[in-house]
Amino acid sequence: MPDPSPPRLEICNLTRAFGGRPVVDDVSLSVAAGQVTCLLGPSGCGKSTTLRMIAGVEQPDAGIIRIDGQPVCGDGPTRPPEARSVGLMFQDFALFPHLTVAQNVAFGLPRDRALQARRVEELLERVNLTGYGPKHPHQLSGGEQQRVALARALAPRPRVMLMDEPFSGLDNRLRDGIRDATLDLLKEEGTAVLLVTHEPDEAMRMADEIALMRGGRIVQRGAPYNIYNAPVDKAAAAFFSDIN
Ligand code: ADP
Ligand code: MG
């Protein structure tokens, strides 16, 4: 029997050139609710551009993006970023310094104070920052700020979370714990996650599925250990070779 529900996120034949040079070249992939797909590849291969098109801050030359089966770009009118139900986390996606932690988390929520307060409290508890609401970002460590950014991105319950190297600014000591906590939270919320990284070990640790990208194209897709054990070619094998 065919699966009646469409994937949470689906992109079909997404293409974008800059100055005549294709940077994202006929990329297709899908992510189910509660799944983490890692877009993995070396610097400059087109990962961020792909993510920016899904977020709606960059326009594709061609291709279709659907969320829960509804086209948000291509195949009909283009929805603006705020109408796509996507959450964003970037390495340098800074908190608003003049707002408190609670105000940062509440930023994208409807203006209902009681509802905001409840959701903010719930999320701060989930990221282990109960009681941090009145503080300002500069009073927090890098890892704590990252957890606030995660709470803020999750607050409006986005259907899709787009993460662009969100952990690369953290020191190694903190990174594993925050990665795991982030994953747990995203899975509990049932969000579909597309995580961009150039680090194979991060993809191996976090992904349900890896989409290996090179020169604007997806060259291999599959479960992490399948890709690791059976890389599609020598370049893919070399890319994975420095994992320990
Ligand atoms: P990645 O995230 O994999 O490192 P990007 O998607 O940021 O790669 O960039 C892919 C290529 O597209 C790079 O060569 C980059 O210089 C180029 N590029 C990205 N954005 C623009 C832009 N707005 N104008 C021109 N070139 C761009
Ligand atoms: Mg990038």
Filtering the range 96-132 down to residues that are closer than 14 Å to residue 155 by Cα, assigned to a loop (DSSP other than H, G, I, E, B) and touching a residue at least 12 places away in the same chain (Cβ under 8 Å) yields 107, 108, 109, 127
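Can you tell me how many residues in the range 142-175 are surrounded by fewer than 21 Cβ atoms within 10 Å (Cβ to Cβ) and in contact (Cβ under 8 Å) with a residue 12 or more places away in the chain? Talk me through it step by step, then tell me what you get.
Step one: list which residues in the range 142-175 are surrounded by fewer than 21 Cβ atoms within 10 Å (Cβ to Cβ), which gives 142-145, 155-159, 165, 168-175.
Those still in the list that are in contact (Cβ under 8 Å) with a residue 12 or more places away in the chain too: 142-145, 155-159, 165, 168-171, 174.
Qualifying residue count for the region: 15.
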Residue pairs qualifying under the 9 Å Cβ cut-off, at least six apart or on distinct chains, with the first in the range 27-42 being under 12 Å from residue 200 (Cβ atoms) and the second being part of a loop (DSSP other than H, G, I, E, B) and not basic (Lys, Arg), are 38/207; 38/208; 40/198; 40/199; 40/207; 41/198; 41/215; 42/198
Per the list (1) surrounded by fewer than 17 Cβ atoms within 10 Å (Cβ to Cβ); (2) at pLDDT 90 or above, residue check on residue 211 breaks on (1)
Item to complete: Could you tell me whether any residue of the range 184-192 is within 16 Å of ligand 2 (Cβ to nearest atom), buried (at least 17 other Cβ atoms within 10 Å of the Cβ) and modelled with pLDDT of 95 or more?
Response: no
Scanning the range 202-237 for residues that are assigned to a strand (DSSP E or B) and either in contact with an Asp or Glu (Cβ under 6 Å, 6 or more places away or on another chain) or of a type in the set (Phe, Trp, Tyr) (or both) gives 217
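Taking the options 32, 55, name whichever one is out of contact with any Gly (no Cβ under 7 Å at 6 or more places or on another chain), away from ligand 2 (no atom under 16 Å from the Cβ) and not basic (Lys, Arg).
Values: 55 fails: away from ligand 2 (no atom under 16 Å from the Cβ).
After applying the criteria, what remains is 32.
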Among 147, 214, 159, the single one that is among the charged types (D, E, K, R), away from ligand 1 (no atom under 16 Å from the Cβ) and closer than 30 Å to residue 17 by Cα is 159
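Does residue 89 qualify as being within 16 Å of ligand 2 (Cβ to nearest atom) and either part of a helix (DSSP H, G or I) or farther than 16 Å from residue 162 by Cα (or both)? Before the answer, list the steps.
On the way: within 16 Å of ligand 2 (Cβ to nearest atom): yes; either part of a helix (DSSP H, G or I) or farther than 16 Å from residue 162 by Cα (or both): no.
Spelling it out, it is not the case that residue 89 is within 16 Å of ligand 2 (Cβ to nearest atom) and either part of a helix (DSSP H, G or I) or farther than 16 Å from residue 162 by Cα (or both).
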Restricting attention to the range 43-65, the residues that are more than 12 Å from ligand 1 (Cβ to nearest atom), touching a residue at least 40 places away in the same chain (Cβ under 8 Å) and more than 27 Å from residue 184 (Cβ to Cβ) number exactly 6
Given the structure, is residue 103 over 27 Å from residue 70 (Cα atoms) and touching a Leu at 6+ places or on another chain (Cβ under 9 Å)?
no
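Collect the residues in the range 1-39 that are among the β-branched types (Val, Ile, Thr) and within 21 Å of residue 185 (Cβ to Cβ), keeping them in residue-number order. Spell out the reasoning first.
Restricting attention to the range 1-39, the residues satisfying the condition of being among the β-branched types (Val, Ile, Thr) are 11, 15, 23-24, 27, 31, 36-37.
31, 36, 37, listed by residue number.
The values are calculated or read from the model by the stated rules, or taken from the named source; none is laboratory data. Not measured: the values here are computed from a predicted model. For neighbour counting, all protein chains shown are included, and Cβ atoms are generated from backbone atoms with ideal geometry for every residue, glycine included.
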